[in-house]
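Comments concern the structure below.
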Amino acid sequence: MPFEAPSRRPGYAPADSPVGRRGLDTRDRILRSAATLFIEVGFDAASTDSIARAAGTSRASVYQYFASKQQIFEEFVLACELDIGAHATQLGGLGPDPEGVRALADWLHGWERLYDDNLVVMAEFPGIGTTESVIAAPTFIAKYITDVAARLEAADIAGIDPLTAAISVLRIIHAANLFRARGVDIPRPSHYHAEGLALAVQYLLFPDTPRTAVAELIHSPDPARRARVHITGPHDYPDPDRANPLVCSVLDTASRLFAERGYHAVGVEDLHRSAGISRASLYRFFSGKAEVLHALTLATAAEFADVIEQLQAIADLPEDRPLEQLRDWLQTYTRFHRAHRGVVRTWFDPTVRAQVNAVIAPTNAQLWNAVADLVERGRRPVASSHPTAAIVTFLSVIVRMTEPVTTTLGDSHPTDPGPAADLMTTLLDRAVLGWSQQ
């Protein structure tokens, strides 16, 4: 079910605004209409005209209150900043005891409400916790991270740096909620439980937490346990004509530009000029940017299917705890994800998801099944009590953690995938798998 604009805020303009009560109502209606459109179709696809139509007013009336669509979005960012600032202070005393577990669970439930109330902003930040996003990440995100890191340091977490832990936890939480809100990559979004995520995060932070301390979060096994997703659709991905150097040039250029600028900021003119070919040459092979994206999606999905097969092979290994093999796979996956992050990012975009879903849906189901088989061998409580949440946690880690944690503070991407793979191995082992336990 699509999310609706938050209804809890009665108005966005100050009560003493000179526009008057009727003007305030119009302004508020414009904001609510914009919020709904931003959530349903995305910031880039929502035009000023469509906002005006949805609000039952004119384009001129919109410009009477807002200089641009960006200014409308900035109002939502300001409201989100206030909510996030308040939420950061709600993280109680953490620890490997029932009180600490309860404090973390309450905080994560608060995160769900925070996310839903501010979905219009959150959904535009698939890279929250990093500096890369469709819209430049606001500075208050860095403050939020450092505030959480300070609380983790006070809790004396061991085996992982508090700042790294804070960045990792926030990325995982954001990704899990994005999946829940969008239904992206998750065949069973309705089976997602905050309690399961709390279990995973508790053990990520405190791997020595006794089972008695998390008893309140442990329930009967999820009915999704052992269930595999039925894979439908083609598995023979048509390969774009990679033998043609012009096609290769366009696809490689598009992949790079989509990663650097975002899909919507790149035009056909950018593609043919950056590829060093004429517009006419580009149109010989592609009808437009959408067809370029489709070809890139086909090629990426085919490569991704091969990567997922390697993960399935690990899940099928007779070894009890193939942690080293998983680490090697995470390194392979990191290379893949970084190489194609511009394309993969578009798969979260509501404006193009329908266009690419037929291609990526079978691959996503294949990934779900491979992770489900791996999670079944997990030793943490979340794997047996909330296996769907364990799968969501696993997917959140691999979707969000290929980018180095230092990116949050402005550093560039390193070329070595090793550190990211090492960190993801640690996070997955602590939160879900527990394979390093004796």
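The values are calculated or read from the model by the stated rules, or taken from the named source; none is laboratory data. All figures in this text were calculated on a predicted structure; none of them were measured in a lab. All Cβ positions, even for glycine, are placed from backbone atoms using ideal geometry, and neighbour counts span all protein chains on display. Side chains included, ligands, DNA and RNA excluded: accessible areas come from the protein's heavy atoms. Shrake-Rupley method; radii C 1.70, N 1.55, O 1.52, S 1.80 Å.
Examine the range 349-362 for a residue that is surrounded by fewer than 21 Cβ atoms within 10 Å (Cβ to Cβ), in a loop (DSSP other than H, G, I, E, B) and without any contact (Cβ under 8 Å) to a residue 60 or more places away in the chain, and state whether such a residue exists. For the range 349-362, residues surrounded by fewer than 21 Cβ atoms within 10 Å (Cβ to Cβ), in a loop (DSSP other than H, G, I, E, B) and without any contact (Cβ under 8 Å) to a residue 60 or more places away in the chain: absent. Scanning the range 311-348 for residues that are out of contact with any Asp or Glu (no Cβ under 9 Å at 6 or more places or on another chain), open to solvent by 40 Å² or more (accessible area, probe 1.4 Å) and polar (S, T, N, Q) yields one hit, Thr332. In the range 371-394 there is no residue that is under 20 Å from the mean Cα position of the chain (by Cα), under 17 Å from Thr300 (Cβ atoms) and without any contact (Cβ under 8 Å) to a residue 60 or more places away in the chain. What number goes with the only condition from (1) surrounded by fewer than 16 Cβ atoms within 10 Å (Cβ to Cβ); (2) among the aliphatic types (A, V, I, L, M); (3) at pLDDT 85 or above that Ile72 does not pass? Among (1) surrounded by fewer than 16 Cβ atoms within 10 Å (Cβ to Cβ); (2) among the aliphatic types (A, V, I, L, M); (3) at pLDDT 85 or above, Ile72 violates only (1).
With respect to the stated conditions, Pro245 fails to be in contact with a Pro (Cβ under 8 Å, 6 or more places away or on another chain) and at pLDDT below 90. Within the range 65-86, the set of residues being over 21 Å from Tyr263 (Cα atoms) and in contact (Cβ under 8 Å) with a residue 40 or more places away in the chain comprises Tyr65, Ile72, Glu75, Phe76, Val77, Ala79, Cys80, Glu81, Ile84, Gly85. Of all residues in the range 20-69, exactly one satisfies the criterion of being closer than 29 Å to Gln355 by Cβ, open to solvent by 60 Å² or more (accessible area, probe 1.4 Å) and not in a helix (DSSP H, G or I), namely Asp44.
Of the residues making up the range 301-333, those that are in contact (Cβ under 8 Å) with a residue 40 or more places away in the chain and among the small types (Gly, Ala, Ser) are Ala301, Ala302, Ala305, Ala315.
Just so you know, in the range 382-393 the residues that are crowded, with 23+ Cβ neighbours inside 10 Å and touching a Leu at 6+ places or on another chain (Cβ under 8 Å) include one that is nearest to Asp320 (Cα to Cα), and it is Ala383. Screening the candidates Ala339, Ala431 for the property of being of a type in the set (Gly, Ala, Ser) and in contact with a Lys or Arg (Cβ under 7 Å, 6 or more places away or on another chain) yields one hit, Ala431. Cβ-Cβ distances below 8 Å connect the following pairs, each with a first residue in the range 34-57 that is on the phi > 0 side of the Ramachandran plot and touching a residue at least 24 places away in the same chain (Cβ under 8 Å), a second residue that is open to solvent by 40 Å² or more (accessible area, probe 1.4 Å) and not in a helix (DSSP H, G or I), and a separation of six or more residues or different chains: Gly42/Thr351. For Leu326, the test of being in a helix (DSSP H, G or I), more than 29 Å from His294 (Cβ to Cβ) and modelled with pLDDT under 95 is failed. Among the residues examined, Asp373 does not qualify as modelled with pLDDT under 90 and open to solvent by 20 Å² or more (accessible area, probe 1.4 Å). Within the range 144-194, the set of residues being at pLDDT below 90 and not in a helix (DSSP H, G or I) comprises Gly183, Val184, Asp185, Ile186, Pro187, Arg188, Tyr192, His193.
Hey, does the range 399-415 have a residue that's hydrophobic (A, V, I, L, M, F, W, C) and open to solvent by less than 10 Å² (accessible area, probe 1.4 Å)? Yes, the conditions are met somewhere in the range 399-415. Every listed requirement among (1) in a loop (DSSP other than H, G, I, E, B); (2) in contact (Cβ under 8 Å) with a residue 24 or more places away in the chain is met by Thr415 save one, (2). Scanning the range 42-65 for residues that are aromatic (Phe, Trp, Tyr) and more than 20 Å from Leu24 (Cα to Cα) turns up just one, Phe43.
Consider the range 77-90 and keep the residues that are of a type in the set (A, V, I, L, M, F, W, C) and open to solvent by 10 Å² or more (accessible area, probe 1.4 Å). The one that is modelled with the lowest pLDDT is Ala86.
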